[in-house]
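I have placed the structure first, in the form of structure tokens, so that the comments after it can refer back to it.
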């Protein structure tokens, strides 16, 4: 359902933040004892763009980065990864790149120290959204975090409205980061407004709870509620128990997690989304796409970074073959 | 189409600001020479509620008012006008009532000096919207100004979402006040998002231009664009040239302005909306509703206030008879 | 000690807010029942300037007013009262005049509903202080409220620094309004910083407590603390019990309150300051100045406004004669 | 003049920011090509405290650090460097540590990418200043950057006021960082207010220009202006041309720069201040103190960090001996 049948320039354009990850070089310890950090590109929609490009899709990116050394690094790294950065906008008001210092105490105990004050990505403005760029894409992925504040929030609404006008499929990656929001009620309002207009919604069970403004939500109810609106495909992830894909015609598919030597948990969701979308866009069935997604996630959690660790098709297929 | 056929408790609930108008006692002069001001309740959705109640509809109001003398006055005045104020919420954070000092230099030269910083009405929160109250109303009218800032903006999204769930008709009064918005792009994004979910949209031609993010828009194009979504009825006002009502099935109706001895122009739109909705809700045809609307507006512009001047059915019918 | 011995252009320049008072026309009732308001110029340093000019001093004013009808009224009213308004600056950023709605339930129960969000007076900037204007004044009176926020706070520091450089006497009227400050600690810091540089400090006992960051302070301790710095004269007011003037050389003078048919309590402090300074500037002794101050306050509390009610010398002397 | 003659617990307490430096591991290139960063404690008053403690003074620190991994690192590093951290306060409102990513393109081309939004150090509050801690110190050093925003600004005023009350010498290190201020006028106002109350003021010629609100200021004029107030000793630094120390009794001393194999320029001022103060506090003459200061700066600019590179007395004396 996500094949680029009209042969548009881009299979996928992702919209949202591109940031800096600072990953502990010395790990398995509290971060206060880490004295050296390695720099990577981070941020969910940037990671997905990089991952999808590495798998072979034609990928573009819409977002705002600072006019400084970090912004220039993000731009050049994404470009060298094969992502079109012609619509990555330079911030001219002194906003900074978001930062994520990762702490890896153990595979089970990972945390992130975020710097998200006055970050450039949330200053993307609706008038900076180029209609023709979205019209040239077969699918647009928007990240939930881009809804967290104005004017980026309005830029998402604008992009989604353009996508509907041009028949560009809308993929909504919930990507919920509580610290960027003022209240759960606010999140629920905007997540609902965008989810109702999306063709595909992807998130964890917890993230769908945020969308619905409740706790302990049930998949069947979530699914029946959202299928009253535009969505055709919903993917709900349950961590190590695997994930479920629901289609509007009533089919349900389950994807199981692959075994992995886990180093850290960061980046799992982004690599999942990149491989899942790659498979659907190259014409695979949902079952196969779920395998790709889980395999890709299993590979990334075994490595040190999120963006640089994004696997190739060969690596994914090798892991699937190894564990069949 | 707006008849309360399910016999719900309220014919109409309006949502948005209830403020204070301070009208020049000595007029036909610049305001700096006015030394005395009369106090009235003001704000578009409050005026519409008062006007509709005066005409005989069962009306409720959702909004936030300050916990001070102005807030208590607003509450008691609206209550005495027949509006249900059980869901008027007291602000507990020290926000103030919006103020509008009116300057009447001449019937053609009226202006308003607004106090809109940190006003209580824009602090209505989504979690303060009572689902059952909206479910008990046949129609919900939301004012565009309530979208101007968070958290009131999210409260509108929440209310509209509840109204859709319960089959409460949604009326969107554009009510655009430029000074309350950060940018025209922002306004266009949220006006579009709500208009697409409304059953009825009412505004001036200029306000529809704001909604569409353009200048010099044409009614036919506006209408064909919005009828792709939920709206069933669109009313576009052209000042002294009259107004047009468009229905989704293709009919177009024109309402002509009545003659009036104009004192000031304030309040015309609110009295128009109150009488138009009253007529439709009591089962009149659109043609008749447009006459009621124009007559009601003609009466209010000849008087000193907006809220207190709202006419009765008898006054409206008298004016229509006089000018037939 | 405040005589204009160098024959400077101005006897007194006051610095701070000039606002709008909206006084209840119908009083002895809660404000929600008041339907009409009369407009006056208000704000402590504006009132003192008007009062001092009316008594015959050569008075100037430094402050920022909005570029709107209220701003133009303030300017023209103060000018017509004899105050030099050449250094009253027009705000060009849309800030508004502060408003004070007065509620007079009874002579003992008066309150004020303030509008102080984004008011023009607090946007006076240090670079807008004209050195030569202060150099041309024999005394500069700064109002404590002007210290409540940046950039007005820095403008006060700048003005005080210029006054010291040019031998302009510095009078600090504490004029504490709690709602304009973030915390009592902040107030104490800036009140102390300015009081230490002032020649004369005038305030109520409660206001001196705020300055000292304590409750229940004793006059002797306040006085001994502040006389370690620049102050020469301290005036501490105790309401109906009268007021005390302390001089650095150790003398203490007590002023008693005059009887009055009190209508409301607003404006008492401003009329006190205006008459006290007038007396000292015309060469009277402190004893006489305290009488003038008390008589002036007694007159203003018996009248409806603060600014317009400022008495003449003849009225003050009449009251003193009547009650001797 | 700075000897701890009363045998107070601390020779020196510094007040202001303690932050994180992230220094390029791979340098002599633009930062976008640096992939690894080393973490150090940074921030002028923290560096001076560390440097002074390393030289043997009894040093304490007043400041606020985040309740996170970076905050815990700062606390433990400073403690292990011999600084008393009993009055380092944990921020409980989620503010972050300031960050400085250093870029070393060449010894002549160094720059810093700062993260200073909502940093914990600027949230130190006046009520968090402990009177007895300052009373127990022979000298208090306040950093100019701590004046950049409220409430830290008020905490500085409070600390300086306490120091005056207890005879604690006040050292004002101008430490001007333009990006933390709203306007040069604001800086000039607060720098002047504190400089006038300080015993010693240390800064570059450019920083004294900022204090005086001018460009191209002359040392003699600066000195004659400030000696009208409390200062006894002024140190004005002219980069490679050396520095000048002026005393109130009219003496002038010049310190010359030592030769050094410069790696980067960061940290020079902090190491200068630490050694200069150490020398005066141990009873050396100003001439000797200037030599210590210059030698200490020459050592730090040849090394990779600012804090960790702070020299010992032996290293300083060795360099002085080598270049005599």
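The values are calculated or read from the model by the stated rules, or taken from the named source; none is laboratory data. The model shown is predicted, which means the values in this text are computed figures rather than measured ones. For neighbour counting, all protein chains shown are included, and Cβ atoms are generated from backbone atoms with ideal geometry for every residue, glycine included.
Some observations on this one:
- Within the stretch D:229-282, the set of residues being at positive phi and touching a helix residue (DSSP H, G or I) at 6+ places or on another chain (Cβ under 8 Å) comprises D:242, D:267.
- Candidate set from the stretch A:92-112 (those that are surrounded by fewer than 20 Cβ atoms within 10 Å (Cβ to Cβ) and over 18 Å from residue A:267 (Cα atoms)); member that is nearest to the other protein chains (Cβ to nearest Cβ): A:94
- Boolean, residue B:220 is more than 30 Å from residue B:314 (Cα to Cα) and over 20 Å from the mean Cα position of the chain (by Cα): yes
- Options A:113, A:140: the member that is in a strand (DSSP E or B), modelled with pLDDT of 95 or more, touching a strand residue (DSSP E or B) at 6+ places or on another chain (Cβ under 9 Å) and closer than 20 Å to residue B:213 by Cβ: A:140
- Strands (runs of 3 or more DSSP E) within the stretch B:44-107 that include 1 or more residues out of contact with any strand residue (DSSP E or B) (no Cβ under 9 Å at 6 or more places or on another chain): B:99-106
- Subset of the stretch A:185-207 [more than 9 Å from chain B (Cβ to nearest Cβ) and more than 17 Å from residue A:170 (Cα to Cα)]: A:187, A:204, A:205, A:206, A:207
- Taking the stretch A:4-32 as the range and being within 14 Å of chain D (Cβ to nearest Cβ) and not in a helix (DSSP H, G or I) as the test, the residues that pass are A:18, A:19, A:20, A:21, A:22, A:23, A:24, A:25, A:26, A:27, A:29, A:30.
- Residues that are surrounded by 24 or more Cβ atoms within 10 Å (Cβ to Cβ) and under 22 Å from residue B:167 (Cβ atoms) within the stretch B:130-145 comprise B:134, B:137, B:139, B:140, B:141, B:142, B:143, listed in sequence order.
- Among residues that are surrounded by fewer than 24 Cβ atoms within 10 Å (Cβ to Cβ), modelled with pLDDT under 95 and closer than 23 Å to residue A:114 by Cα, residue A:179 is included.
- Qualifying residue in the stretch C:43-66 (condition: under 25 Å from residue B:26 (Cβ atoms), surrounded by 17 or more Cβ atoms within 10 Å (Cβ to Cβ), within 14 Å of chain B (Cβ to nearest Cβ) and out of contact with any helix residue (DSSP H, G or I) (no Cβ under 8 Å at 6 or more places or on another chain)): no
- Looking only at the stretch B:227-241, and only at residues there that are surrounded by 14 or more Cβ atoms within 10 Å (Cβ to Cβ) and within 20 Å of the chain's Cα centre (by Cα), the one that is farthest from residue B:318 (Cα to Cα): B:231
- No other residue among B:78, B:88, B:35 is at pLDDT 95 or above, at the interface with chain C (Cβ under 9 Å from one of its Cβ atoms) and over 17 Å from residue B:303 (Cα atoms) apart from B:35.
- Selection from the stretch B:194-222 of residues that are surrounded by 21 or more Cβ atoms within 10 Å (Cβ to Cβ) and either without any contact (Cβ under 8 Å) to a residue 60 or more places away in the chain or over 20 Å from residue B:157 (Cα atoms) (or both): B:194, B:195, B:198, B:201, B:203, B:208, B:210, B:211, B:222
- Condition check for residue A:307 on (1) closer than 25 Å to residue A:138 by Cα; (2) at pLDDT 95 or above: one failure, at (2).
- Test: residue C:83 is more than 12 Å from every other protein chain (Cβ to nearest Cβ), closer than 26 Å to residue B:37 by Cβ, buried (at least 24 other Cβ atoms within 10 Å of the Cβ) and in contact with a helix residue (DSSP H, G or I) (Cβ under 6 Å, 6 or more places away or on another chain): yes
- Some residue of the stretch A:1-15 being more than 30 Å from residue A:245 (Cβ to Cβ) and in contact with a strand residue (DSSP E or B) (Cβ under 8 Å, 6 or more places away or on another chain): no
- Condition broken by residue D:122, with the remaining ones in (1) in a loop (DSSP other than H, G, I, E, B); (2) within 14 Å of chain A (Cβ to nearest Cβ) satisfied: (1)
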